[in-house]
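J.: Mind having a look at this structure? Questions to follow.
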Amino acid sequence: MTAGGVVLLVLFAASFAAFGLVVRFLCRILAAGKPENRFNRVRDRVWAVVVYVGAQLRVLAQPAGLGHFVIFWGFVFITIGTLDHMLSQMFGGFTLDRIVGRTAGSAILLLQDVFGILVIVALAVAALRRFVLKPERLKIDDPKVPVQAGLILSLIFVLILLMYGVRGTEILMGSERITRANAPVSAAAAAAVGGLGMNLPIAYGVLSWLHNGIIFFFLLYIPFSKHIHILGAIPNVFFKNLGSTGTLSRMNFEDDAAEKFGVSELPDYTWKQLLDLYACTECGRCQVACPAYRTGKPLSPYRVIHRLRARLMSDKGGLLSKGEAVLRKTPIVPDAVSEDEIWSCTTCGACMQECPPFIEHVQKLVDLRRHLVMTESRFPAEMQPVFKNMEVNYNPWAIGYSSRADWAEGLDVPLASSRGSFDVLLWVGCAGSFDARGQKVSRAVAALLRRAGVDFAILGAEEMCCGETARRMGNEYLAQTLIQSNIETLKKYRFKTLVTACPHGYNSFRAEYPQFGLSVPVRHHSELLLELVAAKKLSPRRDGGPRGAFHDSCYLGRYNGVLRQPRRVLSSAARVVEFPRRRSRSFCCGAGGGRMWMEEHLGTRINEERTRELLGLGVDRVFTACPYCLTMFEDGLKSLGREDVKAYDIAEVLLEACGG
Amino acid sequence: MKIIALMKRVPDTEARILVNQEGTGIKDDGIKYVISTYDEYGIEQALRVKEKAGGPSTVTAVCAGPEEATELIRTALAMGADDAVHVCDPALASGDPFLAAAALAAAVKESGFDIIFCGKQAIDDDMGQVQTILAEMLDVPQVNVVTGFELSGDGSRATLRRRIEGGDEMIETALPAIVSCEKGLNEPRYASLPGIMKAKKKEIRTKTLADLGVAVPGEARSAIVRWVPLPKSSGCRMVQAEEARDAVRELVKLLRDESKVI
């Protein structure tokens, strides 16, 4: 071992030891969070890493993701080369060939050589986007971000140049291993600078040491820059939510002495929620998908994660701190995340749908809401009557609970209490029961079920709000009260399926009621109606029908993947036009997450944004499969002065085609 | 400072009220009960006074009502009242304001008081008598339909605001006094969950009229004789016409000839 080799070995060992210490510290920060079990289904988790890290499926969902794919895999191969080169510097004569054999070694060398060029191209595109094109999604109000991005891009660029430089000098020095055949780019570089008359051994040494130095710097810089995602993203994919993203965490209220509910400081989050903060790549895809951001509200999911991470970095203790000092407790609201941001969220889930490393934004915001609502009793004033209405009359509409089944008057809809057992329990929901427009939809659904001879019943006044709205508004206590009452009621009856025309109820029963011990087969009315049409129990006339655009509800399409059924029901009765933003990338109507019940005084109106998208399609109808979306479109059309365009639920369209 | 908040259990404003067959009261099934809206302003004001006064002040919620009122008393405790007195006696079911006032007077005398807040009226029978009878029984001043409240620095007096035609009236009163509250005085808080949890352990002292030494008179000073449902309305009729002028003409004709009101 040469003197240089020894020095390098010491530096190498020291920087990796320091890096290990930093990683250990990052893990200890996570351990300061609350427990959460994400260690089940290991095989599915490994598979997720293969698909979303290896194949970069979500990254590649957008064209710019190709650049990331190239840099990621370039990084992997070139790092092998870097280690190979360092080891050979430390232990003279060592090469990767000794481990993998000459042929494979040569192949890896070739891959590194080619990836180098691809990475440079990717870096150029990245720099062009970051500093020239400046797309909306990279916009962030922290001046450190572009500086860090520029530094990292330049460092990678210099590293690649140095790699070619080192290899080029090796070729010039007559290396047997690195040749024109397995390192054509390096050879070309060598040829280009060969005539400069450099002292080759000195040039080789200088270039190698520069390269090594940057690597060591990189190693210790990454964990404290926005590039911490290199460490966080892969475990975050491994620990991703394998269940439904439409399931919020269940809170436990058994502790009578508890003084605090929800999240107000970082250590109140679970370790996985903190890991999310390491994982953010700052790609900003969530930002441009977010309906709040798109309509000029203060919320951007990207900024929330960015600020929480910044808070994590400022709240963390020193590398060797212990106990509570590892992650100090400072209030998140209002400095890191403001109340306006928290209440702007429609919980539409578009951010989570876009996020390449599967960050779970919505739960974080709901956790903050939980603290504001339940611990501090602090929330927009208009929410209080909503909570009260749900407490007293089990619906947000301020209508007496005993009139819940009034919509069905004269329709001969059987009550569950008079039947006991039946095939389908029609869960009408609050909108379908109390909202005048929703009632019309309920009547259409009931008429279709009767026409098709379905054996169904409703709960009538026994039905309570499913709790979805309360839950997403952060009032988990009220939500659980409603959920538990409903479960008691439902357990009294025997039925095969619960069917509802409301995607919010649908998501609740499908993704959340099982948390509380009720697992019944749940179907959206689009699923049942499609089955009835397929079985010819409903026969819409097939003469084209009206033409209209179908809008995907977030809680039906994005959260639960019910995309095909409403379209097929519609296409049996109408001609369907598609929105530009559709299916699981649909744009929220603005009513989710309790926003239906709040004033929208910040930015422009989400429903108007979506309505304008509709109007751009030049159709005079919009079809929905959600009572909230229906209301939001009707309001949007009214406020844009386009009441000539009408909104219908798919059940109404089908009923019309069946002869009304 | 001993602050009292009076509260009454009343049918929810959204409940469908139907007179029972015998005409002795309303049908109870399908009705949810709540704290009377104006009493909620009183509870909120009591809590605000306590928070501002600091020191050893307490808020006691006092309710005269049936056993089922306990749930609502817990709500007042969850909002922040320290303890509660529940006068629970079958004799109170008669709805006689005099008896209710006598019960409340005995209860607040027992617990002591520096100021009493209540609603300007209960939203069920809208009689609005209790606070006045109570003031007489306790021989303290009363200020009604209050939309603003300010306690003096030493806590011995209060300045109150009343909305009157064309302006506000400012009234100063010595304490103890009874203040009946109007909408606009404050926005009642929503009980926090720790508040709800704590309320489970707070004390509710349940008393009968006998416990309080209130004699039930053989005959009530006033009694509800009979409840009569409203005659079914014939429904609303929309007057429609192409021109507004024709619609007005038709409306006038109907008012004159059909309903004979002009």
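J.: Among all residue pairs at least 6 apart or on different chains, which show Cβ distances below 8 Å where the first residue, located in the stretch A:250-264, is facing chain B (nearest Cβ under 7 Å) and the second is surrounded by fewer than 15 Cβ atoms within 10 Å (Cβ to Cβ) and not hydroxyl-bearing (Ser, Thr, Tyr)?
T.: Hits for this filter: A:ASP256/B:LYS200; A:ASP256/B:LYS201.
J.: Here is a follow-up. List the number of the failed condition for B:GLU203; all other conditions in (1) within 14 Å of chain A (Cβ to nearest Cβ); (2) of a type in the set (Asp, Glu); (3) touching a strand residue (DSSP E or B) at 6+ places or on another chain (Cβ under 7 Å) hold.
T.: (1)
J.: Also, quick follow-up: Considering only the stretch B:174-190, state which residues are at the interface with another protein chain (Cβ under 7 Å from one of its Cβ atoms) and crowded, with 18+ Cβ neighbours inside 10 Å. Give the derivation first.
T.: As a first pass, look at the stretch B:174-190 and keep what is at the interface with another protein chain (Cβ under 7 Å from one of its Cβ atoms): B:187, B:189-190.
B:ARG189, B:TYR190 - these are the residues of the stretch B:174-190 that are at the interface with another protein chain (Cβ under 7 Å from one of its Cβ atoms) and crowded, with 18+ Cβ neighbours inside 10 Å.
J.: One residue is enough: does the stretch A:501-513 have a residue meeting the conditions surrounded by fewer than 16 Cβ atoms within 10 Å (Cβ to Cβ), more than 16 Å from A:LEU426 (Cβ to Cβ) and not assigned by TED's automatic domain parsing to the domain that holds A:HIS371?
T.: Looking only at the stretch A:501-513, we keep the residues that are surrounded by fewer than 16 Cβ atoms within 10 Å (Cβ to Cβ), and these are none.
No - not one qualifying residue is present in the stretch A:501-513.
J.: Now a separate question. Taking the stated definitions as given, is A:SER584 assigned by TED's automatic domain parsing to the domain that holds A:ALA651 and modelled with pLDDT under 95? Write out each step before concluding.
T.: Values: assigned by TED's automatic domain parsing to the domain that holds A:ALA651: yes; modelled with pLDDT under 95: no.
No, not satisfied.
J.: Can you tell me which residues in the stretch A:374-388 are within 8 Å of another protein chain (Cβ to nearest Cβ), assigned to a helix (DSSP H, G or I) and within 14 Å of A:MET598 (Cα to Cα)?
T.: A:GLN384, A:PHE387
J.: Now for a different question. It is to be established whether one or more residues within the stretch A:224-235 are within 21 Å of A:LEU372 (Cα to Cα) and either outside the structural domain of A:GLY592 (by TED's automatic domain parsing) or crowded, with 21+ Cβ neighbours inside 10 Å (or both). Spell out the reasoning first.
T.: Residues of the stretch A:224-235 that are within 21 Å of A:LEU372 (Cα to Cα), as a first pass: none.
No; the residues of the stretch A:224-235 include none that is within 21 Å of A:LEU372 (Cα to Cα) and either outside the structural domain of A:GLY592 (by TED's automatic domain parsing) or crowded, with 21+ Cβ neighbours inside 10 Å (or both).
J.: Is it the case that A:ILE117 is within 22 Å of A:LEU11 (Cβ to Cβ) and part of a helix (DSSP H, G or I)?
T.: On the way: within 22 Å of A:LEU11 (Cβ to Cβ): no; part of a helix (DSSP H, G or I): yes.
In short, no.
J.: Also: I'd like to verify a number: residues in the stretch B:32-64 that are in a loop (DSSP other than H, G, I, E, B), within 14 Å of another protein chain (Cβ to nearest Cβ) and buried (at least 17 other Cβ atoms within 10 Å of the Cβ), how many? I'd like the intermediate steps shown before the answer.
T.: Step one: list which residues in the stretch B:32-64 are in a loop (DSSP other than H, G, I, E, B), which gives B:32, B:36, B:54-57.
If we keep only those that are within 14 Å of another protein chain (Cβ to nearest Cβ) too, we end up with B:32, B:36.
Going one step further and asking which of them are buried (at least 17 other Cβ atoms within 10 Å of the Cβ), we end up with B:36.
Count: 1.
J.: Would you mind listing the helices (runs of 4 or more DSSP H) fully within the stretch A:195-301 where at least 3 residues are in contact with an Asp or Glu (Cβ under 6 Å, 6 or more places away or on another chain)?
T.: Values: elements: A:200-221, A:229-238, A:271-279, A:285-289, A:291-294.
In the stretch A:195-301, A:285-289 are the helices (runs of 4 or more DSSP H) which contain 3 or more residues that are in contact with an Asp or Glu (Cβ under 6 Å, 6 or more places away or on another chain).
J.: In the stretch A:349-365, is there at least one residue being facing chain B (nearest Cβ under 10 Å) and either outside any loop (DSSP other than H, G, I, E, B) or not hydroxyl-bearing (Ser, Thr, Tyr) (or both)?
T.: Here is the first cut: in the stretch A:349-365, the ones facing chain B (nearest Cβ under 10 Å) are none.
No, because not a single residue in the stretch A:349-365 is facing chain B (nearest Cβ under 10 Å) and either outside any loop (DSSP other than H, G, I, E, B) or not hydroxyl-bearing (Ser, Thr, Tyr) (or both).
J.: What are the pairs with Cβ atoms under 6 angstrom where one residue, in the stretch B:80-93, is buried (at least 21 other Cβ atoms within 10 Å of the Cβ) and the other, located anywhere, is of a type in the set (Lys, Arg)? Sequence gap at least six, or different chains.
T.: Taking only residues 6 or more apart or on different chains, the pairs are B:VAL85/B:ARG205; B:VAL87/B:LYS207.
J.: Further question: Return a yes/no flag: does the stretch A:289-304 have any residue that is farther than 25 Å from A:ARG581 by Cβ and of a type in the set (Lys, Arg). If you could, list the steps in order and put the result at the bottom.
T.: Restricting attention to the stretch A:289-304, the residues satisfying the condition of being farther than 25 Å from A:ARG581 by Cβ are none.
Scanning the stretch A:289-304 turns up no residue that is farther than 25 Å from A:ARG581 by Cβ and of a type in the set (Lys, Arg).
J.: Look at the stretch B:3-21 and say how many of its residues are charged (D, E, K, R), in contact (Cβ under 8 Å) with a residue 60 or more places away in the chain and within 14 Å of chain A (Cβ to nearest Cβ). Give the steps one after another, and end with the answer.
T.: Applying the first criterion (charged (D, E, K, R)) to the stretch B:3-21 yields B:8-9, B:12, B:14, B:16.
The next check asks that each one be in contact (Cβ under 8 Å) with a residue 60 or more places away in the chain; those that pass are B:8-9.
The next check asks that each one be within 14 Å of chain A (Cβ to nearest Cβ); those that pass are B:9.
Selection size over the stretch B:3-21: 1.
J.: Another question, then. With the checklist (1) part of a helix (DSSP H, G or I); (2) farther than 30 Å from A:ARG370 by Cβ in hand, flag the one item A:PHE623 doesn't pass.
T.: Going through (1) part of a helix (DSSP H, G or I); (2) farther than 30 Å from A:ARG370 by Cβ one by one, A:PHE623 breaks only (1).
J.: From A:LEU319, A:LEU275, grab the single residue that is surrounded by fewer than 23 Cβ atoms within 10 Å (Cβ to Cβ) and away from chain B (no Cβ under 14 Å). Lay out the reasoning, then the answer.
T.: Working: A:LEU275 fails: surrounded by fewer than 23 Cβ atoms within 10 Å (Cβ to Cβ).
Residue meeting the stated conditions: A:LEU319.
J.: On to the next question. Given (1) in contact with a Gly (Cβ under 9 Å, 6 or more places away or on another chain); (2) under 19 Å from A:LEU528 (Cβ atoms), where does A:LEU556 come up short, assuming only one miss?
T.: The one condition A:LEU556 does not meet is (1).
J.: If you check A:VAL562 against the conditions, is it modelled with pLDDT of 95 or more and part of a strand (DSSP E or B)? Please lay out each step first, then the result.
T.: Working: modelled with pLDDT of 95 or more: yes; part of a strand (DSSP E or B): no.
So A:VAL562 does not fit the description; no.
J.: Of the numbered conditions (1) within 14 Å of chain B (Cβ to nearest Cβ); (2) modelled with pLDDT under 95; (3) surrounded by fewer than 18 Cβ atoms within 10 Å (Cβ to Cβ), A:GLY400 fails exactly one; give the number of that condition.
T.: (3)
J.: Being farther than 25 Å from A:VAL263 by Cβ, of a type in the set (A, V, I, L, M) and not in a helix (DSSP H, G or I) is the filter here; which residues of the stretch A:446-478 pass it?
T.: A:ALA452, A:VAL454, A:ALA457, A:ILE458, A:LEU459, A:MET464
The values are calculated or read from the model by the stated rules, or taken from the named source; none is laboratory data. This structure is a prediction, so every number in the text was calculated from the model and none was measured. Backbone-built Cβ (ideal geometry, glycine too); neighbour counts: all protein chains shown.
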